[in-house]
Structure formats: structure tokens, C-alpha cells
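The numbers here are math on the coordinates, done by the rules we state, and not lab data. Keep in mind it's a predicted model, so treat the numbers as computed, not measured. Neighbour counts are summed over all protein chains in view; Cβ atoms, including those assigned to glycine, are modelled from backbone coordinates with ideal geometry.
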Amino acid sequence: MIRKLLAVLLFALTLNYTLKAQDINKAKLDSFFHALSLHNQGMGSVAVSIGGMLVYQKAIGYSEIKDDIKIPATVNTKYRIGSITKMFTTTMIFQLVEEGKLSLSSPLSAWFPTIPNAEKITIGEMLDHHSGLHNFTNDPLYLTYMTKPQTEAAMLNNIEKSASDFEPGAKGEYSNTNFVLLGYIIEKITGKPYREELKKRITSKIGLNDTYYGGKANPANNEAYSYSFAGKWQQQPETDMSIPGGAGAIVSTPADLDKFIEALFAGKLISKSSLDQMKTLKDSYGMGMFVIPFYDKKSYGHSGGIDGFSSILAYFPEDNLAVSYLSNGTAYSIKDVLIALLSIYFNKPFNIPLFTTIELKTEQLDKYLGNYASTQLPLKIAITKDNTTLVAQATGQAQLALEAVGTDKFVYNQAGIVIQFDTSKNEFTLYQGGKTYLFTKEK
């Protein structure tokens with residue numbers, strides 16, 4: 001009798017997910033991703049899962065572009081996932097906590113006593129970005145060594161040189177340094193390399209065949225290079241994966257990421273109480289994850305960015321829905337891709353962008369050129385041109401190829417930047433993240 005009841009319940013659940021999968025507007029999803037690809041707004045791969053069942057996959061663009069060679073991306077192409085790695089690191093830390101090998105109150109000084117404030121900083125504060133440890137990727141020095149292999153000793157030397165940004169526990173502020181050190185701590189406790197513990201504790205346990213600690217990108221292993229778009233897709237430098245470690249060194253596919261987060265929430269990797277601690281927000285930071293809201297719904301997950309790669313992973317517990325998108329070339333921001341995907345999935349109002357731009361002649365850009373400064377921000381922005389493309393470069397940052405979309409109006413969709421020039425006043429207004437900044441041309 002019990003067996004029959006379980007069989008009926010199982011059938012009902014399967015039927016429910018099957019019906020839900022049939023309700024997805026796959027044609028509109030296809031049209032959206034086709035528009036991204038057609039207008040050079042993105043390259044990458046997406047996976048949508050309901051109750052552990054893959055119901056939608058799509059790959060656009062190329063995994064490699066070199067001269068006349070263009071290798072189309074597939075749903076099996078692997079991408080660097082950047083900071084989504086932090087969810088894997090956090091999972092392993094909680095496994096070690098459950099094994100009694102450390103606690104959330106353990107001090108950083110137990111492993112790295114020479115790091116500033118190490119005796120005051122706890123594992124828990126590192127997990128939820130309340131440690132005060134300075135984010136090493138914000139330092140100009142980082143750009144000088146990011147493509148070169150680094151030893152643990154070299155990384156620790158750089159970290160030890162930086163004073164804490166604030167007292168531990170005083171506030172939350174994102175820092176990759178936390179998770180590089182947590183990766184090292186996993187290695188010190190287990191006596192095994194991070195890559196081996198990742199395989200033992202997560203990927204082999206739940207069958208993630210395309211997820212592992214990355215190395216130099218290998219097209220022969222179906223791994224993608226990353227690109228930025230400035231009139232054409234241009235390959236980006238590769239961060240050496242000895243650097244991000246537990247903060248961002250994992251390579252994966254969208255399907256594997258869906259499977260990972262479903263297993264995490266199903267209790268297959270850590271206990272419910274540990275998961276609850278991961279989900280608990282403090283100053284908007286959970287432990288290795290964030291809340292990603294959508295209308296009245298709430299998901300948990302993480303985003304990532306490394307080189308030209310952008311990524312996002314979200315799980316909606318009430319809907320048994322997992323969504324991931326991995327990109328190796330992003331003009332249309334990853335956040336807007338997720339909004340579009342979820343809008344189509346949940347049948348919310350959404351019009352596929354036309355991505356219309358205005359073609360300008362090179363001489364029409366001359367009136368915008370110059371160096372601009374703002375009293376609101378401690379940086380300057382140089383406006384230059386590359387033939388018919390207007391280029392913006394902030395102090396110490398990479399060049400951004402702007403697109404003309406209106407009279408004296410330019411955008412950089414990847415970062416949600418809008419620049420509106422007023423050439424009569426020799427100034428422009430920069431809009432980003434709901435904030436406005438006025439820049440004036442220097443004489």
C-alpha cells in the first residue's frame with residue numbers, strides 16, 4: 001500500500017514538472033537569445049531546471065574566435081564561473097564544520113597569524129564578508145601579476161601588506177581575499193589540494209562531470225576563451241587560476257551549476273541548519289550566497305566575473321527552479337539577461353530589445369573627445385575614439401567601447417552605463433545603478 005502511494009506521489013510530481021516545462025515559452029526564449037547573438041550583445045550558454053529536470057538549454061556565440069576560425073559554443077562548452085566558486089568553497093567549509101574540524105567562530109590566526117587583525121577575524125566573518133580584509137583585486141598592483149602563476153606564499157605576502165579596511169564585524173564589504181584564504185584553509189585542514197577536495201566533496205558526490213578547478217583555457221577540452229566587444233569580439237587576457245583559488249577558479253557548465261544548487265538545497269551536500277546559515281543575510285550578505293529577488297519571488301545564488309566571463313546562478317526554492325547563465329562575451333549585462341529570462345519564464349511583461357544603435361562617422365565623435373573630471377567621484381574619464389567607436393576609460397580601469405543610441409547619448413550595456421553629453425557646456429552626465437554623476441571636460 002505504501003509503495004503504491006509513493007509511486008502515485010512520484011508520478012504526480014513528475015507530471016507536474018512535465019506540465020510546467022511544457023508551459024515555458026521556449027520560442028520567446030529562443031528569440032531573445034537569438035537577438036543577443038545577432039547584435040553581438042552576448043555569447044554564452046543557459047540552462048533552466050525544474051525539480052531536477054533540465055527543461056531549457058541554449059548556447060549562443062562562439063567558444064573560440066581566432067582570425068577566420070570561429071568555433072560555435074554548445075550546451076557542453078565549459079566556462080570560468082568566477083565568484084560562483086564561492087558557493088562551492090562555502091559548502092566545503094560547512095562540511096568541515098559538520099565534521100568538527102573547525103567552527104564558524106574559529107579565528108583566522110589559527111592558520112595565518114601574520115595577516116592584519118587575524119586574531120579578531122572569524123571564519124564566519126570571512127564567509128559573509130564582514131572580516132575587513134582588503135580586497136586584493138582592487139589594488140592597481142593586481143593588474144601587474146594577474147596573468148602570472150602565483151604561489152600561496154606570494155599571495156599571502158600581498159595580502160599581509162594591506163591594512164584592514166575596517167574592524168571585523170563592523171560592516172559588510174565584498175572581498176575576494178576572504179575566499180582565497182578560505183580555500184587555503186580547506187587545504188591545510190584536509191592536507192589535500194583544493195581541486196581534490198572539490199572533486200571528493202562535491203563533484204564526484206553528485207555527478208558533476210564538467211565542473212573542476214580550472215587551468216589555462218583548453219579548447220581541446222571544450223573550454224571557452226573570453227572576449228569583449230569593441231566593433232568585433234576581442235580575446236581577453238587570462239587570469240592565472242593559481243590566483244583566485246577558492247574565490248573564483250572553478251570551470252563549469254550551466255547544467256552542472258543547476259545540478260549543484262539543487263543538490264545543495266536538497267540537503268545532499270550539507271545539513272539544513274548549515275544551509276539556513278548560508279541563507280541568513282547580514283548587511284545584504286549571506287555566507288557564500290546572496291538573495292536575488294524577482295517581483296514577489298526570492299531566489300538564492302551568486303554572480304561571477306573573471307576576465308571577459310560573466311556568470312549568474314539562482315535557485316527559487318518555492319518554484320523548485322534553478323537558472324544559470326554563463327557568458328564568455330557580454331555587452332548586454334548579465335543582470336538584464338537574468339531579468340529577461342525570468343520575465344519570460346514567469347510570463348511577466350517583457351519586450352525583446354531591438355538593440356538599435358546609431359552609426360556615426362569618425363569625425364562626428366571629435367566633439368566628445370577629452371579628459372573629464374567629476375567632483376562626485378575621485379577618478380577621471382578619458383574619452384577617445386577607435387575609428388567610428390567612442391571609447392571611455394576611467395582611471396586605472398579597462399577601456400569601454402560605447403554605443404551611440406541617441407542624440408549625444410551613448411551606452412555600455414554590460415555595466416548598465418549611460419552617458420549623455422552636453423557639448424555646449426563641455427560636460428557629460430553618467431548614469432549607473434540609479435545614480436547620476438556630472439563630469440566636466442578639463443581644459
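Summing +1 for each Lys or Arg and -1 for each Asp or Glu among the other residues whose beta-carbon sits under 11 angstrom from that of residue 237 gives -2. Hydrophobic long helices, here whole DSSP H runs in the chain with Kyte-Doolittle means of at least -1.0 and Cα atoms spread over 30 Å or more along the helix axis, are found at 2-23. Comparing 326, 182, 102 in a Gaussian network model of the chain, where Cα atoms under 10 Å apart are tied by springs, the biggest mean-square fluctuation is seen for 102.
Taking Lys and Arg as +1 and Asp and Glu as -1, the other residues whose beta-carbon sits under 10 Å from that of residue 402 total +1. Selection among 194, 204, 378 by position relative to the dipole of the chain gives 204 as farthest towards the positive end (Cβ unit charges, Cα centre). Placing a pseudo-label 7 Å from each Cα along the Cα-to-Cβ vector at residue 336 and residue 356 gives an inter-label distance of 1.5 nm. FRET efficiency for the residue 98 to residue 242 pair, using the beta carbon distance and R₀ = 22 Å, is estimated at 0.15. Take the Cα of residue 138, step 7 Å along the line toward its Cβ, and report every residue of segment 372-410 whose backbone nitrogen sits under 17 Å from that point. 377-380, 395-398, by backbone N distance to the label point. Given their separation in residues at 0.36 nm each and the Cα-Cα distance between them, residue 376 and residue 67 gain 107.0 nm when the chain is fully extended. The spread of Cα positions in segment 318-373, taken along each principal axis and listed from longest to shortest, comes to 53, 23, 23 Å. For the chain, set up a Gaussian network in which alpha carbons nearer than 10 Å are linked by springs, and say which option among 371, 222, 176 fluctuates the most. Of the options given, 371 has the highest mean-square fluctuation. Filter the GluC sites (Glu not before Pro) in segment 91-192 to those in DSSP coil with at most 10 other Cβ atoms within 10 Å of their Cβ, and list the result. Sites meeting the loop and neighbour criteria: 99. Computed extension gain for residue 221 through residue 234, at 0.36 nm per residue and net of the alpha carbon distance, reaches 2.6 nm.
The loop-placed trypsin sites (Lys or Arg not before Pro) in segment 57-137, going by DSSP, that have at most 16 neighbouring Cβ atoms within 10 Å of their Cβ come out as 101, 120.
Of the trypsin sites (Lys or Arg not before Pro) in segment 216-304, the ones in a loop by DSSP (not H, G, I, E or B) with at most 11 other beta carbons within 10 Å are 216, 232. Taken along the Cα-to-beta-carbon direction at a fixed 7 Å, the label points for residue 318 and residue 423 span 5.1 nm. Can you bin the chain into rounded, prolate or oblate? Criterion: square roots of the alpha carbon gyration tensor eigenvalues sorted a ≥ b ≥ c, rounded for a/c under 1.5, prolate for a/b above b/c, oblate for the rest. Taking the square roots of the gyration eigenvalues as a ≥ b ≥ c, the chain is oblate. Divided by 2.2 N^0.38 Å, where N counts the residues, the Cα radius of gyration of segment 362-441 comes to 0.98.
Mean separation of Cα pairs under 8 Å and 6 or more residues apart, divided by the residue count, gives the chain a relative contact order of 17 percent. Length gained on full extension, residue 110 to residue 405: 100.7 nm, using 0.36 nm per residue less the C-alpha separation. Please work out the FRET efficiency for the pair residue 282 and residue 192, using the Cβ-Cβ distance as r and a Förster radius of 30 Å; give the result to the nearest 0.05. Result of the calculation: an efficiency of 0.45.
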